[in-house]
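**Q** Take a look at the following structure, please.
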Amino acid sequence: MKYKVLVVDDDIAILRLIKNVLESKNFVVETRTAIPEIDICHFIGYDLIILDIMMPHDGIEICKYIREFISVPIIFLTSKNLEEDIVYGIQSGADDYITKPFSINQLTAKVAANLKREERYKQGELSNKVVRELSPITIYLQEKIVCINGDSLAFTSREYDIIELLSSNPRKIFTVQDIYENVYDDDAETLFRSISEYIYKIRLKFSSYGINPIKTVRGMGYKWHE
């Protein structure tokens with residue numbers, strides 16, 4: 001299977017580099033220098049999307065819009081590496097980030113790790129059960145869909161990862177380290193601190209239904225609220 005990747009960046013040299021690197025790894029790559037009008041049709045049919053943040057059409061705004069409709073991994077290209085910038089990217093729906101300038105090895109590793117994580121869930125390898133009933137929440141493990149009383153909620157890949165992990169054993173308290181090891185494939189202190197931001201976003205999305213399925217266990221971690 002050849003994965004199809006969309007790369008959007010207004011720097012032609014960056015686009016050429018990414019295209020050459022990923023095509024050498026047997027990916028199908030489409031590139032664009034701009035998105036004149038944000039239309040979901042421009043982003044459907046890809047297995048992974050790489051977005052530059054600093055474009056005339058803000059990558060953050062593009063991500064916020066398309067995340068409501070697609071669940072494939074979204075990786076930000078950014079020259080910003082401060083914690084608040086990374087957290088802001090997470091809040092907009094991104095799954096990962098690559099800081100400019102980047103190495104070829106870093107690029108290919110990030111792309112491969114995000115696709116591998118996505119494929120694991122598609123194949124249902126994390127559980128023998130297809131559906132997890134936690135009334136009023138239903139989790140469709142193979143499709144990576146979370147529903148409340150029949151209504152589906154939009155979660156990013158990493159938000160779903162956390163939901164799937166915590167709900168897999170409601171009696172267990174998961175430390176931040178436990179969650180980190182299941183959500184990230186690399187090692188970065190900033191990413192480690194972003195776990196609480198993911199928890200916040202998950203709770204926010206559930207709150208519109210008047211429920212909070214994640215309990216904070218002070219000094220220990222988090223657990224699914226039975």
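The values are calculated or read from the model by the stated rules, or taken from the named source; none is laboratory data. Values in this document were obtained by computation on a predicted structure and should not be read as measured data. Virtual Cβ from ideal backbone geometry, glycine too; neighbours counted across all protein chains shown. Just so you know, the surface numbers come from the protein's heavy atoms only, side chains and all, with ligands and any DNA or RNA stripped out. Shrake-Rupley method; radii C 1.70, N 1.55, O 1.52, S 1.80 Å.
**Q** Output the residues belonging to region 137-167 that are of a type in the set (Ser, Thr, Tyr) and open to solvent by 60 Å² or more (accessible area, probe 1.4 Å).
**A** TYR140, SER152
**Q** Here's another thing I want to ask about it. Which residues, counting only those in region 58-84, are outside any helix (DSSP H, G or I), farther than 18 Å from LYS100 by Cβ and open to solvent by less than 20 Å² (accessible area, probe 1.4 Å)?
**A** The answer is PRO73, and nothing else.
**Q** A further question follows. Return the residues of region 211-226 that are exposed (fewer than 13 other Cβ atoms within 10 Å of the Cβ) and either in contact with a Lys or Arg (Cβ under 7 Å, 6 or more places away or on another chain) or closer than 14 Å to VAL176 by Cα (or both); say none if nothing qualifies.
**A** VAL217, ARG218, GLY219, MET220
**Q** Name the residue that is modelled with the lowest pLDDT, counting only residues in region 105-151 that are more than 22 Å from PHE206 (Cβ to Cβ) and among the charged types (D, E, K, R).
**A** Looking at residues that are more than 22 Å from PHE206 (Cβ to Cβ) and among the charged types (D, E, K, R), I get GLU125.
**Q** What are the residue pairs meeting all of these: first residue in region 89-118, first residue free of Cβ contacts under 8 Å to residues at least 24 places away in the same chain, second residue open to solvent by 50 Å² or more (accessible area, probe 1.4 Å) and among the polar types (S, T, N, Q), Cβ atoms under 6 Å, and 6 or more apart or on different chains?
**A** Taking only residues 6 or more apart or on different chains, the pairs are THR99/ASN81.
**Q** Right, something else. Return the total of residues in region 94-114 being touching a Pro at 6+ places or on another chain (Cβ under 7 Å) and part of a loop (DSSP other than H, G, I, E, B).
**A** 1
**Q** Pick out, from region 131-226, the strands (runs of 3 or more DSSP E) lying fully within it that include 1 or more residues that are within 27 Å of TYR65 (Cβ to Cβ).
**A** So the answer is 137-140, 145-148, 151-153, 214-217.
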